Amino acid sequence: MASAAARTLRIGLIPGDGIGREVIPFADRGTIDAIQAGRKILESLPSSLNLNFSFVDLDAGFGAFERTGSALPDKTVDTLKKECDGALFGAVSSPSTKVAGYSSPIVALRKKLDLYANVRPVKTTAGSSNGKPIDLVIVRENTEDLYVKEERTTEGPDGKVAEAIKRISERASFRISTIAGEIALRRQNIRSSASGLITRAEPMVTITHKSNVLSQTDGLFRETARKALADQKFSSIHVEEQIVDSMVYKLFRQPEYYDVIVAPNLYGDILSDGAAALVGSLGLVPSANVGDNFAIGEPCHGSAPDIEGKGIANPIATLRSVALMLEFLGEPNAAAKIYTAVDANLDEAKFLSPDMGGKATTQEVLDDVLKRL
């Protein structure tokens, strides 16, 4: 019987700023290309997966803004739309003071590509010293809530009054809850097919809101999320809900309990940044910005200018972001291979970067993970 034809995926590489240029460097550069975790892990996947990759180098970030006057060149957006299946984004440097004409390229990319879901897994491994391994993912709505940035300030008898619009729509709430359900099902499938991953009896989605106070906005989010997750295809998922302030308390008290948490933009932002502290280092935490037809993997560590050029950036967040991108490109088996190799590296703890208490370089951590593939 003839084997299935190999699938080729074209991936945009957007290093951005700082250590982003080390974990996801341009493909055509010189010696620093020894440290190219994002591309190298894709090229090292087993041939049995029938996957091939091609790459295109793209520009974005504060460095791009200083060189060209645009933090997100039109060419980058056009290439992603017309040529690419997915992308890897390194990091963005945020200027400490307002710079005229500059705005975040990753926020702009979310809008231009309709990447309505920010997906951020938070995970320890089975060998974690606390005895309670964590394996959860926060699914944050990416397009509305207070982040529509419709604000105004007026003068009144008691001085200035500032107001902001909190926008929650049925459409956005339905599709973010639907993707949360799909993620819960896919995670359960990956857990069952990859040895060493944390298992649980059933997938679970926790709807987070504040509808006891914000009955119109958060009430609509809660109601719509319940409706979306009542679909028959999600019948195997346990659905629960949690008021956001109680959610924060319980997330830090018993993080091992949670599986998938879905939340409006603001709550999801706060929860996902806070949850990163549960695993000890941002160098471990991946994310993906996801739409119906595109996914961008992005490590959560930022540009880290204090360690730029030292060769000690932790590549684990990038490797996990690559796997997360592959999940949303319909390649869960390839994602599982990467997750298993990364977990084995962390469990053995022989090659750990300085942020994890070790002395390994970026290249040494990457090489160890590649061997485990």
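The values are calculated or read from the model by the stated rules, or taken from the named source; none is laboratory data. On a predicted model such as this, the values are computed, not experimentally measured, just so you know. Note: ideal-geometry Cβ built from the backbone for every residue, glycine included; neighbour counts use all protein chains shown. We work out accessible area using only protein heavy atoms, side chains counted, and drop any ligands, DNA or RNA first. Shrake-Rupley method; radii C 1.70, N 1.55, O 1.52, S 1.80 Å.
Carbon and sulfur atoms: what percent of the 1.4 Å accessible area of the chain do they account for?
Roughly 49 percent, rounded to a whole number.
Each residue of the range 233-238 was assigned a 3J(HN,Hα) from its phi angle through the Karplus curve 6.51 cos²θ - 1.76 cosθ + 1.60 (θ = phi - 60°); the sequence is 5, 9, 5, 7, 8, 7 Hz, with glycine and proline shown as x. Considering only Ala184, Ala117, Ala64, the mean-square fluctuation computed in a Gaussian network model of the chain, springs between alpha carbons under 10 angstrom, is largest for Ala64.
About the Cα centre, and with charges only on the beta carbon of Lys, Arg (+1) and Asp, Glu (-1), how big is the dipole of the chain? Nearest 20 debye, please. Mind showing how you got there, number by number?
Numbers: 43 positive and 48 negative charges, 93 e Å.
Dipole of the chain, to the nearest 20 debye: 440 debye.
Ordered by 1.4 Å accessible area with all protein chains kept, Lys359, Lys149, Lys250 run largest first as Lys359, Lys149, Lys250.
The calculated FRET efficiency for Arg167 paired with Lys250, based on their beta-carbon distance and R0 = 30 Å, is about 0.65. What lysines sit close enough to Lys337 to cross-link, taking a C-alpha to C-alpha distance under 24 Å and skipping anything fewer than 8 places away on the same chain? The reachable lysines, counting only those whose Cα sits under 24 Å from Lys337, are Lys40, Lys123, Lys132, Lys350, Lys371.
For the set Asp292, Asp259, solvent exposure ranked by accessible area (probe 1.4 Å, protein chains only) runs largest to smallest as Asp292, Asp259.
Within the listed set Val122, Val148, Val248, the residue fluctuating most in the Gaussian network model of the chain (springs between alpha-carbon atoms under 10 angstrom) is Val148. Count of lysine pairs in the range 137-280 with Cα atoms under 29 Å apart, counting only pairs 8 or more residues apart in sequence or on different chains? Taking the Cα cut-off of 29 Å, the pair count is 13.
Accessible surface comparison of Leu13, Leu214, probe 1.4 Å, protein chains only, largest first: the order is Leu214, Leu13.
Springs between Cα atoms under 10 Å define the GNM used for the chain, and in it the highest mean-square fluctuation of Gly86, Gly69, Gly297 occurs at Gly69. With coordinates expressed along the principal axes, the C-alpha atoms belonging to the chain extend over 64, 52, 45 Å, beginning with the largest.
Between the amide H of Ala295 and those of Ala87, distances stay under 5 Å, these residues lying 5 or more places away or on another chain, with hydrogens modeled in the peptide plane.
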